[in-house]
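Notes for the one structure printed next.
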Amino acid sequence: MKAPPLVGSTFVMTGTREDAEVGDRLTPSTVRDFGPFVPHAPAQPISGAIVSLYGDALSSGVNQIVALNRGSRDGLERGNVLTLWHEGALTHDKSVERGSLIKLPDERSGTLLVFRVFDRVSYALIMSGTLPVVPGDRFSSPSP
């Protein structure tokens, strides 16, 4: 049995944020929750990583948006406040003659506020920071 032919439609694009190209697809918009929320710690301990930055930047800072590799399946919800961590550097140990490489501890570098949550990914606003945020930086539940 032969599949029915695809039926196309036309539309007028009145504005874009990025270039539209052949092969791009349209999808229905999702229902968004614009209700108020209160910043709070996650109900259970959670940790993960920054997977991407908004836009084409190599690093982000305060008041910019990042994507997290955790979502509602992992217990994140709108309003969660998270601690941001920057990986400790590898450096030579200068306390010995032949300085071997040592890894410095991870450094707390800021605070995130989760504002949009999907099953497996979330978006957060960098609320404070002392270092540039890059993909691969970690986040965790705030410590008391």
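Taken over region 24-73, the residue count meeting the criterion of being loosely packed, with under 12 Cβ neighbours inside 10 Å and either in a loop (DSSP other than H, G, I, E, B) or of a type in the set (Ser, Thr, Tyr) (or both) is 21.
Residue 136 passes every criterion in (1) of a type outside the set (D, E, K, R); (2) surrounded by 15 or more Cβ atoms within 10 Å (Cβ to Cβ); (3) part of a loop (DSSP other than H, G, I, E, B); (4) within 11 Å of the chain's Cα centre (by Cα) apart from (2). Checking each residue in region 91-133 for being outside any strand (DSSP E or B) and touching a residue at least 24 places away in the same chain (Cβ under 8 Å) picks out 106, 118, 119, 120, 121, 131, 132. Is it the case that region 125-134 has a residue that's modelled with pLDDT of 95 or more and either closer than 14 Å to residue 51 by Cβ or of a type in the set (Val, Ile, Thr) (or both)? Taking every residue of region 125-134 in turn, at least one turns out to be modelled with pLDDT of 95 or more and either closer than 14 Å to residue 51 by Cβ or of a type in the set (Val, Ile, Thr) (or both). Does residue 120 satisfy being closer than 30 Å to residue 19 by Cα and charged (D, E, K, R)? For residue 120, the condition - closer than 30 Å to residue 19 by Cα and charged (D, E, K, R) - is met.
With respect to the conditions (1) modelled with pLDDT under 95; (2) in a strand (DSSP E or B); (3) polar (S, T, N, Q), residue 83 falls short on a single one, namely (1).
Within region 20-49, the set of residues being more than 23 Å from the chain's Cα centre (by Cα) and among the acidic types (Asp, Glu) comprises 21, 24. Could you please find all residues in region 63-98 being more than 21 Å from residue 117 (Cβ to Cβ) and among the small types (Gly, Ala, Ser)? Within region 63-98, 88, 89, 95 qualify.
The set of residues in region 134-144 being in contact (Cβ under 8 Å) with a residue 60 or more places away in the chain and not acidic (Asp, Glu) consists of 134, 135, 136, 138, 139, 140, 141, 142, 143. Mind checking whether some residue in region 104-116 is of a type in the set (A, V, I, L, M, F, W, C) and either at pLDDT below 90 or loosely packed, with under 14 Cβ neighbours inside 10 Å (or both)? Yes; the residues of region 104-116 include at least one that is of a type in the set (A, V, I, L, M, F, W, C) and either at pLDDT below 90 or loosely packed, with under 14 Cβ neighbours inside 10 Å (or both).
The values are calculated or read from the model by the stated rules, or taken from the named source; none is laboratory data. Everything quoted here is computed from the prediction, not taken from an experiment. Don't worry about glycine lacking a Cβ; one is built from the backbone with ideal geometry, like all the others, and counts go over all protein chains shown.
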